[in-house]
Amino acid sequence: MQNERCCLCKKDIMSICTAASESEQKNCKFYEKSSFSDRCMYFVFEEYCDCLDAQLATQQPTQSDYIWI
């Protein structure tokens with residue numbers, strides 16, 4: 001079984017990190033470890049995602065956005 005990493009950034013007025021814990025952040029494909037703690041360096045103010053690449057990925061259409069006819 002392959003452990004697939006996904007983007008945990010959710011587009012809103014501000015980009016929200018949807019990880020439930022610091023250890024779950026490691027499952028985000030844009031995860032970069034902070035140099036001063038065991039959390040993502042893009043996790044800001046205990047809620048926001050400050051990763052531009054993750055924010056751009058939330059704007060890309062997914063298969064569920066398409067209507068199949």
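Loop-resident GluC sites (Glu not before Pro) (DSSP state other than H, G, I, E or B) in segment 14-46 with no more than 10 further Cβ atoms inside 10 Å of their Cβ: 46.
Taking every C-alpha pair closer than 8 Å and separated by at least 6 residues, the mean separation divided by the residue count of segment 9-62 gives a relative contact order of 36 percent. As an equivalent ellipsoid, segment 9-62 spans semi-axes of 18, 11, 10 angstrom, where each value is the square root of five times an eigenvalue of the C-alpha gyration tensor, largest first. Here is the list for segment 1-51: chymotrypsin sites (Phe, Trp or Tyr not before Pro) lying in DSSP coil, each with at most 15 other C-beta atoms within 10 angstrom of its C-beta, are 36, 45.
No lab work stands behind these numbers, since they all come straight from the coordinates. Bear in mind that the values here come from a model prediction, so they are computed numbers and not experimental data. Glycine also receives a Cβ, built like all others from the backbone with ideal geometry; neighbour counts cover every protein chain displayed.
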